[in-house]
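Data block below; observations after.
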Amino acid sequence: MPWRSTSDRNHCQQMGWALSGLWTVKGDRIVSASAGATLAIQFNARKVFFVMGSENNQSIEVTLTFDGKKTAIKVKDHQLYDAIALHQSGSGLLTVQAGQPGLEIYTATFGE
(Lines give C-alpha, C1' and ligand atoms only; values in the text may rest on other atoms or scores of the structure.)
Protein backbone atom coordinates (compact mmCIF):
# COMPACT_ATOMS: atom_id res chain seq x y z
CA MET A 1 0.00 0.00 0.00
CA PRO A 2 1.39 3.45 -0.89
CA TRP A 3 2.56 5.69 1.91
CA ARG A 4 2.23 9.46 1.86
CA SER A 5 4.52 11.75 3.78
CA THR A 6 4.24 15.47 4.17
CA SER A 7 7.67 15.80 5.77
CA ASP A 8 9.08 19.28 5.78
CA ARG A 9 12.60 20.73 5.68
CA ASN A 10 12.82 20.71 9.50
CA HIS A 11 12.20 16.95 9.55
CA CYS A 12 14.94 16.47 6.96
CA GLN A 13 17.40 18.54 9.01
CA GLN A 14 16.66 16.48 12.12
CA MET A 15 16.56 13.02 10.53
CA GLY A 16 18.90 13.47 7.55
CA TRP A 17 16.24 12.60 4.98
CA ALA A 18 12.53 12.98 4.27
CA LEU A 19 9.95 11.79 1.76
CA SER A 20 7.15 13.83 0.27
CA GLY A 21 4.46 12.73 -2.13
CA LEU A 22 3.27 9.17 -2.57
CA TRP A 23 5.78 6.32 -2.11
CA THR A 24 5.61 2.55 -1.66
CA VAL A 25 8.10 1.43 0.97
CA LYS A 26 9.50 -2.06 0.34
CA GLY A 27 12.10 -4.05 2.25
CA ASP A 28 15.09 -2.96 0.17
CA ARG A 29 13.85 0.13 -1.67
CA ILE A 30 11.31 2.91 -1.98
CA VAL A 31 9.22 3.21 -5.15
CA SER A 32 7.54 6.41 -6.33
CA ALA A 33 3.79 5.85 -6.52
CA SER A 34 3.06 9.24 -8.10
CA ALA A 35 4.67 11.82 -10.33
CA GLY A 36 6.40 14.44 -8.20
CA ALA A 37 7.22 12.09 -5.32
CA THR A 38 10.39 13.50 -3.74
CA LEU A 39 13.23 12.29 -1.54
CA ALA A 40 15.15 15.04 0.28
CA ILE A 41 18.51 14.15 1.77
CA GLN A 42 20.86 16.21 3.92
CA PHE A 43 24.51 15.44 3.13
CA ASN A 44 28.09 16.40 3.92
CA ALA A 45 30.40 15.13 1.17
CA ARG A 46 31.99 16.04 -2.14
CA LYS A 47 30.11 13.42 -4.17
CA VAL A 48 26.63 11.92 -3.83
CA PHE A 49 25.42 8.82 -5.68
CA PHE A 50 22.14 6.87 -5.73
CA VAL A 51 21.43 3.29 -6.68
CA MET A 52 18.20 3.60 -8.67
CA GLY A 53 16.23 1.93 -11.43
CA SER A 54 12.86 1.78 -13.10
CA GLU A 55 10.23 -0.60 -11.76
CA ASN A 56 8.79 -1.30 -15.22
CA ASN A 57 12.04 -1.03 -17.22
CA GLN A 58 10.93 2.24 -18.86
CA SER A 59 13.00 5.41 -18.74
CA ILE A 60 11.94 7.84 -15.98
CA GLU A 61 12.99 11.47 -15.86
CA VAL A 62 14.38 12.37 -12.45
CA THR A 63 15.01 15.96 -11.36
CA LEU A 64 17.90 16.54 -8.95
CA THR A 65 17.89 19.89 -7.16
CA PHE A 66 20.82 21.26 -5.16
CA ASP A 67 21.53 24.85 -4.22
CA GLY A 68 18.66 26.07 -6.41
CA LYS A 69 20.04 24.35 -9.52
CA LYS A 70 18.02 21.63 -11.22
CA THR A 71 19.46 18.82 -13.29
CA ALA A 72 17.42 16.19 -15.12
CA ILE A 73 18.66 12.64 -15.62
CA LYS A 74 17.04 9.58 -17.19
CA VAL A 75 16.83 6.48 -15.00
CA LYS A 76 16.07 3.07 -16.48
CA ASP A 77 18.66 0.43 -15.66
CA HIS A 78 19.30 -0.52 -12.05
CA GLN A 79 22.69 0.99 -11.38
CA LEU A 80 24.70 3.64 -9.55
CA TYR A 81 23.85 7.18 -10.73
CA ASP A 82 26.01 10.26 -10.07
CA ALA A 83 23.92 12.95 -8.37
CA ILE A 84 26.44 15.60 -7.31
CA ALA A 85 30.17 16.18 -7.72
CA LEU A 86 31.31 19.34 -5.92
CA HIS A 87 34.79 20.88 -6.24
CA GLN A 88 35.32 20.38 -2.51
CA SER A 89 33.42 18.78 0.33
CA GLY A 90 30.32 20.63 1.38
CA SER A 91 26.95 20.15 2.93
CA GLY A 92 23.47 20.87 1.77
CA LEU A 93 20.05 19.59 0.87
CA LEU A 94 19.61 17.49 -2.28
CA THR A 95 16.19 16.54 -3.62
CA VAL A 96 15.40 13.70 -5.99
CA GLN A 97 12.02 14.06 -7.69
CA ALA A 98 10.40 11.32 -9.77
CA GLY A 99 8.80 12.43 -13.02
CA GLN A 100 6.37 9.51 -12.90
CA PRO A 101 5.51 6.46 -10.78
CA GLY A 102 7.92 3.53 -10.75
CA LEU A 103 11.23 5.14 -9.74
CA GLU A 104 13.04 2.72 -7.42
CA ILE A 105 15.63 4.13 -5.02
CA TYR A 106 17.71 1.59 -3.14
CA THR A 107 20.41 3.60 -1.39
CA ALA A 108 22.52 6.75 -1.36
CA THR A 109 26.30 6.69 -1.08
CA PHE A 110 28.80 9.47 -0.51
CA GLY A 111 32.41 10.06 -1.46
CA GLU A 112 35.31 12.45 -1.37
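The values are calculated or read from the model by the stated rules, or taken from the named source; none is laboratory data. Only a predicted model underlies this, so the values are computations on that prediction, with no experimental measurement involved. When we count neighbours, we look across all protein chains shown, and the Cβ atoms used for this are built from the backbone with ideal geometry, even at glycine.
Filter the stretch 85-104 down to residues that are over 20 Å from Phe43 (Cα atoms) and of a type in the set (Gly, Ala, Ser), then give me how many there are.
Residues that pass the stated criteria total 2.
I need the full set of residues from the stretch 27-43 which are aromatic (Phe, Trp, Tyr) and closer than 18 Å to Gly53 by Cβ, in order please. I'd like the intermediate steps shown before the answer.
Let us first name the residues in the stretch 27-43 that are aromatic (Phe, Trp, Tyr), namely 43.
The answer is none; no residue qualifies.
Given the structure, is Ala18 over 14 Å from Glu104 (Cβ atoms), modelled with pLDDT of 95 or more and among the hydrophobic types (A, V, I, L, M, F, W, C)? Steps first, answer last, please.
Numbers: over 14 Å from Glu104 (Cβ atoms): yes; modelled with pLDDT of 95 or more: no; among the hydrophobic types (A, V, I, L, M, F, W, C): yes.
Here the answer is no, as Ala18 does not meet what is asked.
Residues Asp82, Asp77: which one is farther than 20 Å from Trp23 by Cβ, part of a loop (DSSP other than H, G, I, E, B) and of a type outside the set (Phe, Trp, Tyr)?
Numbers: Asp82 fails: part of a loop (DSSP other than H, G, I, E, B).
Matching residue, one of Asp82, Asp77: Asp77.
Kindly indicate which of Phe49, Phe66 is surrounded by 15 or more Cβ atoms within 10 Å (Cβ to Cβ), of a type in the set (Phe, Trp, Tyr) and touching a residue at least 60 places away in the same chain (Cβ under 8 Å).
Numbers: Phe66 fails: touching a residue at least 60 places away in the same chain (Cβ under 8 Å).
Only one candidate passes the filter, namely Phe49.
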